1. Only one of these is out of contact with any strand residue (DSSP E or B) (no Cβ under 6 Å at 6 or more places or on another chain), open to solvent by 20 Å² or more (accessible area, probe 1.4 Å) and part of a strand (DSSP E or B): His180, His208. Name it.
2. Restricting attention to the range 16-38, which residues are in contact with a strand residue (DSSP E or B) (Cβ under 6 Å, 6 or more places away or on another chain) and open to solvent by 50 Å² or more (accessible area, probe 1.4 Å)?
3. Pick from the range 39-68 the residues that are closer than 21 Å to Lys94 by Cα, β-branched (Val, Ile, Thr) and touching a helix residue (DSSP H, G or I) at 6+ places or on another chain (Cβ under 7 Å): which of them is most open to solvent (accessible area, probe 1.4 Å)?
4. Please enumerate the residues belonging to the range 177-216 that are at negative phi and of a type in the set (Val, Ile, Thr).
5. Scan the range 71-91 for residues that are touching a residue at least 60 places away in the same chain (Cβ under 8 Å), open to solvent by 50 Å² or more (accessible area, probe 1.4 Å) and touching a strand residue (DSSP E or B) at 6+ places or on another chain (Cβ under 9 Å) and jot them down.
6. Scan the range 119-144 residue by residue and report those that are within 19 Å of the chain's Cα centre (by Cα), of a type in the set (A, V, I, L, M, F, W, C) and open to solvent by 60 Å² or more (accessible area, probe 1.4 Å).
7. If I filter the range 156-164 for residues that are of a type in the set (Phe, Trp, Tyr) and either within 18 Å of Phe214 (Cβ to Cβ) or touching a Leu at 6+ places or on another chain (Cβ under 6 Å) (or both), do I get at least one hit?
8. Looking for whichever is in a loop (DSSP other than H, G, I, E, B), among the aliphatic types (A, V, I, L, M) and under 18 Å from the mean Cα position of the chain (by Cα) here; the options are Val41, Val47. Which one fits?
Amino acid sequence: NSQLTEYSEIELEWIEMVPDFTIVTASYNYGHYIRECLESVAEQSGVTLEHLIFDGGSTDDTANIVAEFPHARFVQEPDEGMSDAINKGFASAKGKWVMWLNTDDRLKPGALKAVLDFAKGKDETDVIYGGWDFIDKEGEYMRSMTIFPFQKSMLCYLGCYIGSTSAFYRNATVISEGLHLDESYGFVMDGEYYNRLAFLGKKFSYIHALLADFRIQA
């Protein structure tokens, strides 16, 4: 390709290594759910990806389960909680788009390809988000959340209506700029994050599609 002659061999090797997506999963003793999470990522097609599992020191069968999935990279070390573990994943992410997927949640089949196709030509977009299904502890369907285009004032005054499990951040303009989670938040870190990104002028784009399953359990 004549367009690639300007790049060095090292630069070309780097370009080839950049996956479309980085999936970050914070893990701690969720071996009874993490298989479903891993399977939902492994079954994605039409995209390149890396799946980073940052585990805070699980004592259950998590490590053995993750070892069955060659697509996943497992890092086990102490952390300061969920937000810290996710931020470790953000700091390691190589993908063009980055998201975090909880250990008890699942991506819908074809979700990543749908996001990748939607992102084409949207160079100004920093965050892409879609809808999701709520599932119960057994993985059975409860109800769907099909949301609507971004409204900054609603996010600020009415609460977080963007599901973290169906939101994707452009690495070059969000993650690589050091815009990570506030680790002082043990809960609702996603709501604070989206408000902060909106305050900084980041552009949100809504894809009208169900992208993930969000599990409701104790």
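1. On the way: His180 fails: part of a strand (DSSP E or B).
Just a single option satisfies the conditions, and that option is His208.
2. Scanning the range 16-38 gives a single hit, Glu36.
3. Among them, the one singled out is Val47.
4. Here is the first cut: in the range 177-216, the ones at negative phi are 177, 179-187, 189-200, 202-216.
Within the range 177-216, Ile207, Ile216 qualify.
5. Across the range 71-91, the qualifying residue is only Met82.
6. Passing the criteria: none in range.
7. At the first step, the residues of the range 156-164 found to be of a type in the set (Phe, Trp, Tyr) are 157, 161.
Now restrict to residues that are either within 18 Å of Phe214 (Cβ to Cβ) or touching a Leu at 6+ places or on another chain (Cβ under 6 Å) (or both): 161.
Checked against the condition, which is being of a type in the set (Phe, Trp, Tyr) and either within 18 Å of Phe214 (Cβ to Cβ) or touching a Leu at 6+ places or on another chain (Cβ under 6 Å) (or both), the range 156-164 yields at least one hit.
8. Working: Val41 fails: in a loop (DSSP other than H, G, I, E, B).
Checking each option against the conditions leaves just Val47.
The values are calculated or read from the model by the stated rules, or taken from the named source; none is laboratory data. No experiment lies behind these values; they were computed from the predicted model shown. Quick reminder, even Gly has a Cβ in these numbers, built from the backbone with ideal geometry, and neighbours come from all protein chains shown. Areas reflect the complete protein model, heavy atoms only, side chains present, ligands, DNA and RNA absent. Shrake-Rupley method; radii C 1.70, N 1.55, O 1.52, S 1.80 Å.
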